[in-house]
Structures are given as C-alpha cells and as structure tokens.
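The values are calculated or read from the model by the stated rules, or taken from the named source; none is laboratory data. The shown structure was predicted, so the numbers you read here are calculated from the model rather than taken from an experiment. A quick note on method: Cβ atoms are made from the backbone with ideal geometry, for glycine too, and the neighbour counts reach across all protein chains shown. Heads up: the accessible areas ignore ligands, DNA and RNA and are worked out on the full protein's heavy atoms, side chains in. Shrake-Rupley method; radii C 1.70, N 1.55, O 1.52, S 1.80 Å.
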Amino acid sequence: MFERNLGNIERVIRLLFGIGFGFWAFSQPYMNPIEWFVIAISLMLILNGIFSRCFIWWALGLNTFKPVTPNCD
C-alpha cells in the first residue's frame with residue numbers, strides 16, 4: 001500500500017465533488033452510460049477523500065500531504 005498523498009483541503013474538495021456528482025447522477029430519470037461513468041468517478045473521488053490516497057498522483061509522484069510535526073519548544 002502506498003502512503004497518504006492528499007492534503008486536507010484537497011480531501012474535502014474531492015469529497016464534496018464526489019458527493020455532488022453522485023447526487024446529480026442519481027437524480028437523472030434514466031441511467032445511461034454517462035451517468036454510470038459519473039457514478040464511477042464520484043465513487044473514486046469519495047474514496048480518495050476518505051482514505052487520502054490517490055493512485056494517479058502516486059504514479060505521477062505528486063504529494064500534497066504535509067504531516068504534522070510536533071512542536072518541541
């Protein structure tokens with residue numbers, strides 16, 4: 001398994017977009033392939049937001065996660 005690579009702000013943004021896309025797709029009267037694709041994308045965004053890991057960013061070497069270091073004054 002790979003380490004966390006999403007920062008907190010990005011996690012929240014991905015969660016909100018994932019939930020929004022999911023609500024949009026499920027509110028459509030008919031489920032055609034576009035809505036199924038949007039549901040798959042929204043599920044990936046929600047899981048990225050929950051677990052703070054993005055496989056595409058890991059493959060590209062990107063990282064916005066900054067671990068909190070204890071203040072030892």
Report the charge-dipole magnitude of the chain in Debye, nearest 20, computed about the Cα centre from +1 at each Lys and Arg Cβ and -1 at each Asp and Glu Cβ. 40
Which of the GluC sites (Glu not before Pro) across the chain are loop residues per DSSP, with 15 or fewer other Cβ within 10 Å? Glu3
For helix 33-51, report the angle its Cα long axis makes with the longest principal axis of the Cα atoms of the chain; keep it between 0 and 90° and round to the nearest 10°. 20
Treating the chain as a set of equal point scatterers at the Cα positions, no solvent, please give the Debye-formula log₁₀ I(q)/I(0) at q = 0.27 Å⁻¹. -1.12
Dividing the helical contributions, -39500 (n - 2.57) per DSSP H run of n ≥ 4, by the residues of the chain yields a 222 nm value, nearest 500 deg cm²/dmol, of -20000 deg cm²/dmol
Excluding ligands, DNA and RNA, the carbon-plus-sulfur percentage of the accessible area of region 16-63 with a 1.4 Å probe reads 80
Of Ala25, Ala40, Ala59, which is the most mobile in a GNM of the chain whose springs link Cα atoms less than 10 angstrom apart? Ala59
